[in-house]
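Contents: one structure, followed by commentary.
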Amino acid sequence: MVSNELLRSERESISEHCKRMLDQGLTTGTGGNISVSDDEGRMAISPSGMAYPDIMPDDVPVLDADGEVVLGDRTPSSEHRMHRMLHEGRADVGGVVHTHSPYASAFASAGEAIPPTHYLVEFVGKQVPVAGYATYGTEELGELAAETIGEEYSACLLQNHGSIAVGETVEGAFETVLMVEFCARNHYLAANLGDPIALPDDELEHLVERFADYGQSG
Ligand SMILES: [Zn+2]
């Protein structure tokens, strides 16, 4: 019998961030999903097809390391395979947030990386790269996302789909998807004014290093 206290605070955090995702205009309907993992390979993930305002902590299922639901009555998000691969791929990943935010999704549909025309791209790396297309919910989509993010980035676009970010915590991953959307929107608006200026590579190196130090100092 699994205690209902298992990953309690993580399930509360997912419920809260689902609502924040709607409030911040990062998604519409039931698109997008959020997960948190623990040191034993368990993962709590938002449920499939529920309206975000209705998701309570008890509605967030917990899966064990084999992907079996061990707590909760709801069906896990259809993207649980992609989330699992991102948690397993890197030791520093504890939270994953996937959205269909409007400007980032537009770049994803154009198959275009978000260029480094605002310094806040440092949340992700020297750009926001694009993973090639695969059908939603498939392991292939998870593989493409994990390969594209690699060790170098903390987020990527998913071609013809949306964006996904990883962080040490769900709060960190959430902040990063907000920055991805901001950088996409900013580049789009700047391109309407003229030719957006990309930051030079040495400055990007410097920014990414500074950001890594900032992260470690809390
Ligand atoms: Zn999606």
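The values are calculated or read from the model by the stated rules, or taken from the named source; none is laboratory data. Please read these numbers as outputs of a predicted model, since none were measured by experiment. Cβ sites come from the backbone with ideal geometry, for glycine too, and all protein chains shown count toward neighbours.
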Out of the stretch 143-167, which residues are assigned to a helix (DSSP H, G or I) and within 12 Å of the ligand (Cβ to nearest atom)?
Ala145
The number of residues in the stretch 146-164 that are hydrophobic (A, V, I, L, M, F, W, C) and more than 15 Å from Val180 (Cα to Cα) is 1
Filtering the stretch 15-29 for residues that are within 13 Å of the ligand (Cβ to nearest atom) and more than 15 Å from the chain's Cα centre (by Cα) leaves a count of 2
Consider only pairs whose beta carbons are under 9 Å apart and that are at least six residues apart or on different chains; among these, list those whose first residue lies in the stretch 119-148 and is within 15 Å of His187 (Cα to Cα) and whose second residue is basic (Lys, Arg) and surrounded by fewer than 21 Cβ atoms within 10 Å (Cβ to Cβ).
Glu122/Arg210
Just one of the numbered conditions (1) within 15 Å of the chain's Cα centre (by Cα); (2) within 16 Å of the ligand (Cβ to nearest atom); (3) among the β-branched types (Val, Ile, Thr); (4) not in a helix (DSSP H, G or I) is not true of Thr135; which one?
(1)
For the stretch 63-102, which residues satisfy the criterion of being under 16 Å from the mean Cα position of the chain (by Cα), among the basic types (Lys, Arg) and away from the ligand (no atom under 16 Å from the Cβ)?
Arg90
Subset of the stretch 103-122 [touching a helix residue (DSSP H, G or I) at 6+ places or on another chain (Cβ under 8 Å) and within 16 Å of the ligand (Cβ to nearest atom)]
Tyr103, Ala104, Ala106, Phe107
Inter-residue pairs, beta-carbon under 8 Å, first part of a helix (DSSP H, G or I) and in the stretch 189-205, second not charged (D, E, K, R), 6+ apart
Ala190/Thr117; Ala190/Pro196; Leu204/Pro116; Leu204/Val121
Conditions (1) within 15 Å of the ligand (Cβ to nearest atom); (2) out of contact with any strand residue (DSSP E or B) (no Cβ under 9 Å at 6 or more places or on another chain); (3) modelled with pLDDT of 95 or more; number of the one not met by Glu12:
(1)
Within the stretch 38-58, is even one residue assigned to a strand (DSSP E or B), closer than 30 Å to Ile114 by Cβ, within 15 Å of the ligand (Cβ to nearest atom) and free of Cβ contacts under 8 Å to residues at least 40 places away in the same chain?
yes
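So, Val177, is that one buried (at least 18 other Cβ atoms within 10 Å of the Cβ), touching a residue at least 60 places away in the same chain (Cβ under 8 Å) and assigned to a helix (DSSP H, G or I) or not? Break it down into steps so the answer makes sense when it comes.
Numbers: buried (at least 18 other Cβ atoms within 10 Å of the Cβ): yes; touching a residue at least 60 places away in the same chain (Cβ under 8 Å): yes; assigned to a helix (DSSP H, G or I): yes.
Yes: the conditions hold for Val177.
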